[in-house]
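The values are calculated or read from the model by the stated rules, or taken from the named source; none is laboratory data. In this text, all values refer to a predicted model and were calculated from it rather than measured experimentally. With ideal geometry, Cβ positions are generated from the backbone for all residues, glycine too; neighbour counts draw on all protein chains shown. When the accessible area is computed, the model is the full protein with side chains, heavy atoms only, and any ligands, DNA or RNA have been set aside. Shrake-Rupley method; radii C 1.70, N 1.55, O 1.52, S 1.80 Å.
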Amino acid sequence: MTLRDSKVATRLPAQDLDRARAFYAEQLGLEPVDERPGGLLYRVGSGEFALFLSAGRGSGEHTQMGFEVADIETAVAELKARGVVFEDVDAPGLRTRDGIADIEGNYPSKNASGERGAWFRDSEGNLLGIGQLVR
């Protein structure tokens with residue numbers, strides 16, 4: 001089996017699994033499909049991710065996991081209503097307005113002319129993104 005034929009799954013560190021579980025349930029509306037001491041497994045769409053108990057933490061300096069949505073404005077509004085706080089970004093070539101940035105040229109391999117993106121941190125400091133392809 002080659003990596004090209006494998007399934008990708010994200011792993012995110014959590015210093016407090018109870019706090020993380022509450023954040024993912026209350027703010028994101030997600031419940032784990034499996035749990036074990038030291039870990040929670042979530043399935044969304046065709047992918048999965050796990051939160052694992054760790055004394056370390058993600059750097060939060062880059063997007064560690066992303067969700068592709070059909071309507072980013074609705075997704076951002078729903079998450080804001082649940083208490084999610086979106087990052088303000090103001091960097092050369094990347095600026096958010098109302099929590100959402102327009103990113104020209106992203107994902108031509110997905111037949112897109114760009115992407116709209118938004119970012120927020122989970123309770124453990126992991127930087128998560130939401131993206132909508134622009135066609």
Radius of gyration, Dmax [the chain; alpha carbons; angstrom]:
15.5, 44
Viscosity 0.890 mPa s, 25 °C: Kirkwood-radius Stokes-Einstein D of region 35-75 over Cα pairs, µm²/s:
194 µm²/s
Taking the dipole about the Cα centre of the chain, with the C-beta of Lys and Arg at +1 and of Asp and Glu at -1, give me whichever of V44, T2, A81 is farthest to the positive side.
T2
How large is the direction-averaged shadow of the alpha-carbon convex hull of region 38-104, in nm²?
6.3 nm²
For region 53-135, which whole percent of the accessible surface, found with a 1.4 angstrom probe, sits on carbon and sulfur atoms?
47 percent
Could you check the simple spin-label distance between Q15 and R97, using points 7 Å along Cα→Cβ, in nm with one decimal?
3.7 nm
Antiparallel %, DSSP beta bridges [both residues in the chain], to 5
70 percent
